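Novice: Quick one: structure below, then a few questions.
The values are calculated or read from the model by the stated rules, or taken from the named source; none is laboratory data. Keep in mind that this is a model prediction, so the values were computed, not measured. In this analysis, Cβ positions are derived from the backbone assuming ideal geometry, glycine residues included, and neighbour counts consider all displayed protein chains. When the accessible area is computed, the model is the full protein with side chains, heavy atoms only, and any ligands, DNA or RNA have been set aside. Shrake-Rupley method; radii C 1.70, N 1.55, O 1.52, S 1.80 Å.
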Amino acid sequence: MASQEGSSATIFKAIADPPTTSLQRLKGLTTGGLPTFIDVGNSFGAPAIVEDNLLYQLVRNGKRVWMMGDDTWVQLFPDHFNKSFPFPSFNVKDLDTVDDGCVQHLFPSLYEEEWDVLIAHFLGVDHAGHIFGVDSMPMIEKLEQYNVILEKVMDILKNQSGPGGLHENTLLLVMGDHGQTENGDHGGGTSEEVETSLFAMSLKNPPASASSRHNTSRMFDDGNKVRVSSMQQLDFAVTVAALLGVPFPFGSIGRVNPELYALTAGTWNQPQTGVTSCKSQTSLEEWMQNYANVLCTNSWQVKRYIDIYSKSSVIGFPSEDLVHLEKLYSQAQDDWLRIQKELLSGNKSTNGSCYTSLNDLQRQIDAYSNFLASVTELARSKWTEFDLMMMGIGLGILLLSLFIHLVVIKRANKLQELTYPSIVETQFSLRFISALFVVAIRASSFLSNSYILTEGKVASYLLGTTGIISLRYSILRKKMPIEAFAFLLLLLTLRLTTESGLSKQTVGSLLMNTFSLNVFGINDNHPIWIVIPEVLPILSLIVLATLLYKTTAGNYCWRFLKYFLTVAICFSYLLIAVHWILESNMLATPPLLQGIGRSFIPRTIYAIGFGLLVLLTVAKFLDKDMAVSYTESILIKTVAMLSAWSSTVMLIMGRQGPFIVLASAIGGWCIIRLGISEKKTKDGSVGVSATDPLPVIQWSFLAVCLFFYSGHWCAFDGLRYGAAFTGFDEFNLVRQAIILFIDTFGVSHILPILGAPLLVVFNYPKRLNFRERSGLLVNLSQVLLIYGLITSITTAITMICVTIQRRHLMVWGLFAPKFVFDVVGLVLTDVLICFSSIYYFPRVVSDRQQDQTSAK
């Protein structure tokens, strides 16, 4: 279309400012200001914009605005539309509701004249990217649908664009508010996320010669030339305001884009060389003078805003930068006054004739553009206000807590030595030094944005390093080399699937891309590629149910509750399998059953999981067997808690859930086996010291790796928004936030911390005397404290890195999201450790009480 329309249409590369969540981009497009990082928190409950914006100026100046599509517009601008047709936008699994609503109202609206600005916000491509990725059939289908819609819109506008027609002066803008990664996500600051397109076409007859000096022509394979250009989304609000003749938003720091402004306001040609009369340059000179006037107003508005901001802000801009801006603006204003006097007097140079005024106008436009560009550059680099004193206090508090943490761990080690005085531990063994070195390497890697981008690979590499250390230790002791090799094999398998974990391709597609089975006569279209991704998750569920049964079968604590728990969890696993079968494309499932599978079954699983958590909490206070069977009781309570959470976590994670949970179970078992170090005291009793932090570090690093293996990463485009609507079609902020929270932190925080007691209980026999029970509780305290310390250290280093890199180019696109994820993870870790301390720690009874209980 751009090639057919010639000079009346241009394609722009529209560059946004990160973060690139939809709310921030809409706010930036309408206010002309830079996005604020804190607005990310309002993405699911946007408050109305109270600052000056383009829509407010349109309404204030009598323009009639219609809107249809994404209901975020109504949340941001509740009283700005003469007519609106909002549709719910948060269910990313719904690809059609918003788009169908737009189509329903868009085409009839194009035949009406009761509007001056019409906004149609489609969402299908955004949602298709979130759920299926860019390279997927739903994305292709959506793009084809949009192509048909756009062609129909163009036909309607063209048919009514003649003299006196309804759309004689209409400007069509087709744009994206942000880009997408290859996975179809957005929110960060990569080039794929900040770069999008803007197609602009004026329905006016194109000027006689309208080739811009700023844009270029790109030749396509079919021989067509298309005018392409580039613009900042920051410039959108002021450019549209200039075209519609309304005041610029007060807080805008953008510049009126010359190419977009020229589409409807004249031409933007440089004078041709050769013999040309001044008369032929009159239209160009008139347009340049008009554009210089617009930039004069634009610069005055930006200068006023900067001055007011500097006076009212606590920190403001550095004085030397303000002096520089004042100099640029004063010089541009003085030159403009001189040029205006010359134009009014009609004076022209004898040498340059009319070209002198053209050159003067060009220099004036460049002067204003230079001033506006300087303001934008200054705002991007130094606008954010950092209160270094408060940042220092916060960092100091966290470092103080680390010191207290270390003191408490040291105190626990002393208690363990008092319990088993004959046990002597080597404080600075190779394992101990290697463990600390691995934690230090991972923490130090956060100083580099490149290592943060590949954090999952770094954690996997370091976890593999600890696995090699364990293998060496096993070979030297000639104990459990099989577990060491199995652990390394598991890590290798997970490492090879890291890339697939960050992809939204189906399991079948991933297997086809990874392994070529044509040599066996299995081509890409073989039905096996449809069956495998449907069957393997169900087989993994069966394996997990079997492991649960075998774990609880030989224990005698909580007899009735144990069987009830096993039946409930197995029933939940069965419901998960039925849910996936009903959602499968292999079966022609009736709509009624599809509705049951989509909504009723997930809600039933949620209810079972919540009920089991309540039951386990109540049973904690009714436990009578704990006084006799410490080890068995803690084991059953741990398995019960993990099982109660597992069904919900696997359901929300989708078909990859059973694989991730099974991998965590296998990896955890290997770590437990490799961490067992029993030592006999002089009196023959068993004593265990947890001063060796390597198993706890492996447990923590495995949790970090599972976060990335499951398709997450520390950025807002790493949130799997589709998971929040598992079992629900309607959006509820609290409910969807809880589900999304479980999906994000389920396998990386909730399951690992609640399963941490497993690192301790297998080191002790079933029957314990009073001293051994005391040692078990101290040992459990050590494990939880060390785990919390590892998380606190990494978060503290992240805070230090963010403080150092606060002026880094990627601070809002990379360092700030990493900081947010780590802080939330640390708070969750502390909460879960406190809960574990209450839930798992029993009351300590004396030997006499135990004898009395045993006699009974």
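Novice: Express the accessible area of segment 1-155 per residue in Å², computed with a 1.4 Å probe while the remaining protein chains stay in the model.
Specialist: Accessible area per residue: 42 Å².
Novice: Moving to a separate point now. Sorted by mean Cβ packing within 10 Å, highest first, what order do the peptides 826-835, 654-663, 568-577 take? The partial results should precede the final answer.
Specialist: Numbers: 826-835: 16.9, 654-663: 21.8, 568-577: 20.3.
My ranking of the peptides, most packed first, is 654-663, 568-577, 826-835.
Novice: Compactness ratio of segment 120-194: Cα Rg over 2.2 N^0.38 Å, N = residue count?
Specialist: 1.39
Novice: So who's got an amide H within less than 5 Å of the one on Ser252, skipping anything under 5 residues away but keeping other chains? H placed 1.01 Å off N, in plane.
Specialist: Under 5 Å from the amide H of Ser252 lies no amide H from a residue far enough along the sequence or on another chain.
Novice: For Ser89, which sequence-distant residues (separation of 5 or more, or a different chain) have an amide H within less than 5 Å of its own amide H, given hydrogens modelled in the peptide plane?
Specialist: Sorted by chain and number, the residues that satisfy this are Asp71.
Novice: In segment 84-166, which GluC sites (Glu not before Pro) are in a loop and have at most 14 other Cβ atoms within 10 Å, using DSSP for the loop call?
Specialist: Glu112, Glu113, Glu114
Novice: With respect to the cross-link table entries Lys478/Lys766; Lys478/Lys637; Lys63/Lys341; Lys13/Lys818; Lys550/Lys766, which display a Cα-Cα separation exceeding 23 Å?
Specialist: Beyond 23 Å between Cα atoms: Lys478/Lys766; Lys478/Lys637; Lys63/Lys341; Lys13/Lys818.
Novice: Could you compute Rg(Cα) / (2.2 N^0.38 Å) for segment 694-753, with N its residue count?
Specialist: Scaled against compact globular proteins, the figure is 1.26.
Novice: To the nearest 20 debye, what is the magnitude of the charge dipole of segment 1-157 about its Cα centre, counting +1 on the Cβ of each Lys and Arg and -1 on the Cβ of each Asp and Glu? Mind showing how you got there, number by number?
Specialist: Details: 10 positive and 22 negative charges, 76 e Å.
It comes to approximately 360 debye.
Novice: Now for a different question. What are the semi-axes of the equivalent ellipsoid of segment 745-804, taken as the square roots of 5 times the eigenvalues of the Cα gyration tensor, listed largest first and rounded to whole Å?
Specialist: So the equivalent ellipsoid measures 32, 14, 6 Å along its semi-axes.
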